[in-house]
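The values are calculated or read from the model by the stated rules, or taken from the named source; none is laboratory data. Being a predicted model, the structure only gives us computed values, none of them experimental. For neighbour counting, all protein chains shown are included, and Cβ atoms are generated from backbone atoms with ideal geometry for every residue, glycine included.
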Amino acid sequence: MRIKNHKNVFLALIIWCFIGLECTYAQNKGNKDFYETKIEELINIPLDKASVIGLPHPHQKGAWHFQYRYMDMGMTGTMTSDKKNTTSEVLKNFMMAPTKMHMHTDMGMIMYGVTNKWTLMAMANYYNFEMDMIMMTGKEVKMGSKGFGDTKIKATYLAYYKNRASIMASIGASLPTGSINQTSMNMMTGQIEQMPYNMQLGSGTVDPLIDICYLGSTMKSSWGIAALSTFRVYNNKNKYRLGNQYKIMLGYGYKVSNWFSVTSRFDIGFWNNIRGKDPNLNPMVSPNHRPDLRAGSRFELSGGLALKVPKGAFEGLEFIIDYRQPFYQRLKGPQMPVDHHIVGTLQWILKRKSR
Amino acid sequence: MVCRITYHLNRIKLKTIIWLIFFLVFTFRTAGAQEFDAKLQIVFIYQITHYFQWPNDNSETFIIGVIGQSPILNELQKLAAAKKINNKTIIIKQFDNSSSISDCHILFIPYKESARIENIKKSIKGRHTMLISEKPGMAEKGTCINLVNIDGTMKFELNKSSCKSSGLRTTPMIEKLAIIIK
C-alpha cells in the first residue's frame with residue numbers, strides 16, 4: 001500500500017471524524033426503551049472506554065486480547081541532522097545512495113489477563129522490506145528482504161488502580177527469531193552479499209524490554225503516557241549490537257459512541273548507534289552499511305479512528321486505522337527519514353463475563 | 001542554546017503546526033468530559049425514583065434540578081419529554097448557584113460543581129431533596145447517592161443518614177444493590 005498524497009489522507013481523517021460525530025448524534029436520538037433498564041443491569045454495564053492505541057495496558061483476569069496489525073512505513077531520501085541531503089551529496093562519500101524504502105509489517109499479538117494484576121503478552125512480526133538505491137553510475141538498484149522478525153514477550157504488572165487511574169510496569173524480552181543474515185545479489189559483481197543493517201529482520205540478541213505507563217479514563221475518554229525502552233546488552237553472532245531504543249508516548253482517545261472512537265498520539269523516539277561492526281559489510285557501499293550512522297530522534301503526531309462492534313456475537317471486535325506523521329527528525333546521517341506510517345489494526349478483546 | 005532551539009523551531013513546517021493544533025484542540029475540547037455517559041446516568045436517576053418515597057408529596061410535577069452546566073441537562077430534557085415519574089410530569093430546572101436553588105425532588109451535582117457541596121447542603125436544608133453526585137468521596141460529604149466507577153462499571157454509593165435527614169425512605173432492595181457509606 002503506498003500513500004502518495006499525505007495531505008489528502010490527513011484531510012480525509014478529519015472529515016471522517018466530523019462525519020462520525022454527526023452520525024453518532026443522529027443515532028443517539030430516540031432509544032426510549034433504554035430508560036426501562038433496571039438498576040441491577042445498569043450497575044453491571046461495562047464502562048467501556050476509548051482505545052489509546054499502542055500504549056501498554058493491562059487486562060482483567062481471564063480476558064483475552066487478540067490483535068492483528070498491518071503497518072506501512074515509507075521513507076524517502078536521506079537526512080543528516082535535520083537537513084535533507086541530495087543524492088549527489090551522498091554519492092560524494094558512498095558508492096550507493098538510498099532513495100526510497102517501504103517497510104510493510106504484519107503483526108500478531110495475544111494478551112491474557114492471568115490475574116487482575118498480571119497480564120502476559122506475546123507478539124510476532126512478519127516484515128517485508130523494499131529499498132531502492134542509486135549507484136554512482138546512475139543505475140538504480142532494488143533490494144528486498146522478508147521474513148519473521150524478533151518475537152516479543154512481556155509481563156505487565158498493574159501496580160495501582162483506583163477510580164479512573166492506573167499505573168503499570170512491564171518487563172519482557174525481544175527474542176532473536178528474526179534473521180540477521182539476509183542477503184542479496186550485488187549488481188556489479190553478481191555475487192551474493194550481506195544486506196545492510198536496516199534490511200536485516202532482527203537484532204540477533206535477546207533484548208530486555210522495560211515499559212512504564214500511566215492510564216486514565218472516564219467513560220468517554222482515555223489518555224495515557226508511557227515510557228518504553230529496549231536495551232541491547234551484548235553483541236550478536238555478526239559481532240554487533242543494535243542501539244538501545246527509548247520511546248515516550250502520549251495518547252488520547254475519545255469514545256464518540258459505543259461503536260466509534262477517535263484517537264490521537266504524540267510520540268518521541270530516541271535510538272542509539274550500532275555498536276560493533278558486521279565484518280561482512282563494507283562501510284563504503286552506502287550510509288546504511290555504516291554502524292555509526294544509525295542514531296537519531298523522531299517526534300511524531302498521529303490521528304486514528306476506531307470502529308467497534310458494541311454487541312452481539314462479535315461484541316468487542318474493533319477496527320482501528322491510524323495515520324502517523326513525523327514533524328521533526330534529527331538523524332545521525334546520512335540516514336533515511338520516515339515520511340509517514342499507516343497502521344490498520346483488527347483486534348478482539350474477550351472479557352470474562354461478570355455476574 | 002536559545003539560538004539552537006529557534007533554529008529548529010524555524011524548520012518545523014506548516015503541517016506540523018496544523019497537526020499540533022489538531023492534537024491540542026482535540027485534547028482540550030474533551031478534557032472536561034463528564035465522568036459517566038449522560039444517558040446512563042439519566043436512566044439511573046429515572047430508575048432510582050422507583051425505590052424511594054418522598055414524604056408529603058402532593059405536587060403534580062416531579063422536579064429534577066441540576067446545579068451549574070452539565071451535558072446531563074440535554075439528556076434530562078429528553079427524559080422529561082418521554083417519561084413520567086409516579087404519574088407526574090417531569091420538570092427540569094437548572095440553577096446557576098446554590099443560592100438560587102428552589103424546591104426539587106432530586107438535585108444533581110455535576111463533577112465540576114462538587115466543590116460547592118457545603119453551600120448546596122445549606123440551601124436544601126429542611127427540604128426533601130435527594131442529592132445525587134458523581135465524584136469519588138461525595139457520599140461521605142453528604143450526598144444521598146454518589147455514582148462511582150469501580151472496576152469499569154458504574155456503581156452507586158448510598159449515604160443512608162443523608163437520605164434520612166432529607167426525609168427520604170429507602171427500601172431494602174436498593175440497600176442491597178448499593179455500596180453503603182453511612
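A few comments on the model shown:
- Search result, residues across region A:252-284 that are outside any strand (DSSP E or B), touching a residue at least 60 places away in the same chain (Cβ under 8 Å) and not charged (D, E, K, R): A:VAL256, A:SER257, A:ASN258, A:ILE274, A:ASN280, A:LEU281, A:MET284
- A:VAL343 fulfils the conditions (1) without any contact (Cβ under 8 Å) to a residue 40 or more places away in the chain; (2) part of a strand (DSSP E or B) except for a single criterion, (1).
- Test result for A:PRO326, over 21 Å from A:ARG241 (Cβ atoms), within 14 Å of another protein chain (Cβ to nearest Cβ), not in a strand (DSSP E or B) and not β-branched (Val, Ile, Thr): no
- Taking first residues from region B:160-182 that are farther than 17 Å from B:SER133 by Cβ and modelled with pLDDT under 90 and partners that are of a type outside the set (Val, Ile, Thr) and in a strand (DSSP E or B), the Cβ contacts under 6 Å between residues at least 6 apart in sequence or on separate chains come to B:ARG169/B:GLN53.
- Region B:152-182, subset small (Gly, Ala, Ser) and at the interface with chain A (Cβ under 10 Å from one of its Cβ atoms), residue farthest from A:LYS220 (Cα to Cα): B:ALA178
- Residue match in region A:81-88 (condition: surrounded by fewer than 17 Cβ atoms within 10 Å (Cβ to Cβ), within 30 Å of A:ALA169 (Cα to Cα) and either out of contact with any Phe, Trp or Tyr (no Cβ under 7 Å at 6 or more places or on another chain) or among the β-branched types (Val, Ile, Thr) (or both)): no
- Test: residue in region A:210-219 that is within 27 Å of A:GLY276 (Cα to Cα) and out of contact with any Asp or Glu (no Cβ under 9 Å at 6 or more places or on another chain): yes
- Scanning region B:118-132 for any residue that is acidic (Asp, Glu), more than 14 Å from chain A (Cβ to nearest Cβ) and either under 17 Å from B:GLY65 (Cβ atoms) or surrounded by fewer than 18 Cβ atoms within 10 Å (Cβ to Cβ) (or both) turns up at least one such residue.
- When A:PRO287, A:PRO291, A:PRO310 are checked against the criterion of being touching a residue at least 24 places away in the same chain (Cβ under 8 Å) and surrounded by fewer than 16 Cβ atoms within 10 Å (Cβ to Cβ), a single residue qualifies: A:PRO310.
- Considering the conditions (1) away from chain B (no Cβ under 14 Å); (2) in a strand (DSSP E or B), A:GLU315 is excluded by exactly one of them, (2).
- Qualifying positions in region B:66-123 - among the small types (Gly, Ala, Ser) and without any contact (Cβ under 8 Å) to a residue 12 or more places away in the chain: B:ALA81, B:ALA82, B:SER100, B:ALA115
- Single residue of region B:133-151 satisfying the filter (crowded, with 23+ Cβ neighbours inside 10 Å and β-branched (Val, Ile, Thr)) that is farthest from the other protein chains (Cβ to nearest Cβ): B:THR143
- Candidate set from region A:59-71 (those that are part of a strand (DSSP E or B) and surrounded by fewer than 17 Cβ atoms within 10 Å (Cβ to Cβ)); member that is nearest to the other protein chains (Cβ to nearest Cβ): A:TRP64
- Filtered residues of region A:42-58 (kept if modelled with pLDDT of 80 or more and within 13 Å of chain B (Cβ to nearest Cβ)): A:LEU42, A:ILE43, A:HIS57, A:PRO58
- Among the criteria (1) within 18 Å of the chain's Cα centre (by Cα); (2) of a type in the set (S, T, N, Q); (3) at pLDDT 85 or above; (4) farther than 14 Å from B:SER133 by Cα, the one B:SER70 does not fulfil is (4).
- Condition met for A:ARG298 (touching a Pro at 6+ places or on another chain (Cβ under 7 Å), surrounded by 18 or more Cβ atoms within 10 Å (Cβ to Cβ) and within 14 Å of chain B (Cβ to nearest Cβ)): yes
- Pick from region A:119-172, criterion charged (D, E, K, R) and farther than 27 Å from A:ARG69 by Cα, ranking: surrounded by the most Cβ atoms within 10 Å (Cβ to Cβ): A:ARG164
- Annotation: of all residues in region B:79-91 being over 23 Å from B:LEU158 (Cα atoms), in a strand (DSSP E or B) and within 14 Å of chain A (Cβ to nearest Cβ), the one that is modelled with the highest pLDDT is B:ILE90.
- Selection from region B:106-159 of residues that are under 27 Å from A:LEU158 (Cβ atoms), of a type outside the set (Lys, Arg) and not in a loop (DSSP other than H, G, I, E, B): B:TYR111, B:ASN146, B:LEU147, B:VAL148, B:ASN149, B:ILE150, B:THR153, B:MET154, B:PHE156, B:GLU157
- The condition (being aromatic (Phe, Trp, Tyr) and in contact with a Leu (Cβ under 8 Å, 6 or more places away or on another chain)) is satisfied by just one residue among A:PHE299, A:PHE314, A:PHE260: A:PHE260.
- Test: A:THR189 is more than 20 Å from A:THR105 (Cα to Cα) and not in a strand (DSSP E or B): yes
- Selection from region A:196-233 of residues that are assigned to a strand (DSSP E or B) and among the small types (Gly, Ala, Ser): A:GLY216, A:SER217, A:SER221, A:SER222, A:GLY224, A:ALA226, A:ALA227, A:SER229
- Members of region B:63-101 found to be of a type in the set (Ser, Thr, Tyr), surrounded by 13 or more Cβ atoms within 10 Å (Cβ to Cβ) and closer than 16 Å to B:ARG127 by Cβ, listed by number: B:SER98
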